[in-house]
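Quick notes on the structure that follows.
The values are calculated or read from the model by the stated rules, or taken from the named source; none is laboratory data. As the structure is a prediction and not an experimental result, all values here were calculated from the model. Note that we place each Cβ from the backbone using ideal geometry, even for glycine, and neighbour counts take in every protein chain shown.
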Amino acid sequence: MTADPTPSSDGTTTTLALAQLDIEPGRVDANVDRALDAVSRAAARGADLVALPELFNVGYFAFDRYDRYSEPFEGETFTRLREAAADHGIAVLAGSIVEDLAATESVATPADAGLANTAALFDADGERRLVYRKHHLFGYDSAESDLLVPGERIETASIGPFTVGVTTCYDLRFPELYRRLVDAGADLVLVPSAWPYPRIEHWQTLSRARAIENQCFLATINGSGAFEDATLLGRSTVYDPWGVPLASSGDDPALVLADVDPGAVASVREEFPALRDRRL
């Protein structure tokens with residue numbers, strides 16, 4: 001699905017790519033190779049920013065392998081993605097990995113030990129611009145809340161003309177988090193995810209609602225593939241500030257591209273100033 005973005009006053013757009021990867025549980029080398037290939041392909045197609053899914057290296061539902069494949073922030077996965085960003089001249093949201101907090105040295109951590117679901121945003125020079133650790137840990141038929149330490153910090157970063165924020169998967173169900181990002185200036189929110197069947201309606205409705213109520217661009221980056229007891233539903237989508245899907249995928253691996261217009265956010269907020277009417 002495609003649609004034209006709302007034009008801005010100066011016509012400037014940023015090309016955003018969502019890398020919906022086939023994720024094989026526990027096959028870290030193969031999964032990272034796919035991620036690197038997606039970065040290369042996105043750059044070749046003129047993308048300015050490419051985003052990867054949640055736990056794209058180990059696989060979200062491979063709970064029994066979290067500890068084995070955990071890495072410090074400075075570990076091989078983020079290092080390779082940071083280098084790829086610089087090599088290809090493209091900003092990269094390295095969806096997320098299982099971070100070993102005790103081994104991390106270069107960034108502040110929410111605890112001295114334990115594991116976290118950690119995403120990193122690197123700019124086109126390979127410089128770290130943002131770190132986000134998933135705040136809301138899923139407990140419904142999931143081991144995530146037992147295995148991981150929740151994040152505490154909310155950051156934004158300037159990538160091209162956009163102020164970018166990041167949340168992860170289950171965070172979509174907690175609208176107050178997105179209000180905090182908007183208050184911090186975010187006009188583009190990236191949501192790396194591992195959303196499974198059968199909750200298609202939740203995936204699409206919550207994502208559109210977060211875009212509409214915050215009058216911002218919102219991009220959901222899901223994985224593709226089957227685990228022992230879950231199958232990812234794909235449907236990675238870029239929503240504009242009206243909640244209109246600009247580009248989306250099915251449930252197979254895909255590279256979704258959309259031109260996102262930095263002027264559209266200000267235009268929509270001026271035309272329909274709902275955020276100015278907030279009383280809470």
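So the values come out like this:
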quantity	calculated
SER236 vs. criteria of a type in the set (Gly, Ala, Ser), buried (at least 23 other Cβ atoms within 10 Å of the Cβ) and free of Cβ contacts under 8 Å to residues at least 60 places away in the same chain	no
Strands (runs of 3 or more DSSP E) completely within segment 58-137 that count 3 or more residues being of a type in the set (Val, Ile, Thr) and modelled with pLDDT of 95 or more	91-100
Qualifying residues in segment 21-42 (those that are among the small types (Gly, Ala, Ser) and crowded, with 21+ Cβ neighbours inside 10 Å) - the one farthest from ALA143 (Cα to Cα)	ALA42
In segment 195-226, the residues that are touching a residue at least 60 places away in the same chain (Cβ under 8 Å), out of contact with any strand residue (DSSP E or B) (no Cβ under 8 Å at 6 or more places or on another chain) and surrounded by fewer than 24 Cβ atoms within 10 Å (Cβ to Cβ)	GLU213
Members of segment 75-100 found to be crowded, with 21+ Cβ neighbours inside 10 Å and among the polar types (S, T, N, Q), listed by number	THR77, SER96
Verdict on ARG269 being among the basic types (Lys, Arg), in contact with a helix residue (DSSP H, G or I) (Cβ under 9 Å, 6 or more places away or on another chain), outside any helix (DSSP H, G or I) and touching a residue at least 12 places away in the same chain (Cβ under 8 Å)	no
Which listed residue, of PRO241, PRO253, PRO245, PRO262, is surrounded by 15 or more Cβ atoms within 10 Å (Cβ to Cβ) and at pLDDT below 95	PRO262
Every pair of residues 6+ apart whose Cβ atoms lie under 8 Å, when the first sits in segment 173-194 and is in contact (Cβ under 8 Å) with a residue 40 or more places away in the chain and surrounded by 24 or more Cβ atoms within 10 Å (Cβ to Cβ) while the second is in a loop (DSSP other than H, G, I, E, B) and of a type in the set (Gly, Ala, Ser)	SER193/GLY223; ALA194/GLY59; ALA194/GLY223
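Okay, residues lined up against (1) closer than 24 Å to TYR66 by Cα; (2) polar (S, T, N, Q); (3) over 14 Å from the mean Cα position of the chain (by Cα):
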position	(1), (2), (3)
GLY160	no, no, yes
THR167	yes, yes, no
ASP171	yes, no, no
LEU177	no, no, yes
ALA194	yes, no, no
GLN215	no, yes, yes
ARG235	no, no, no
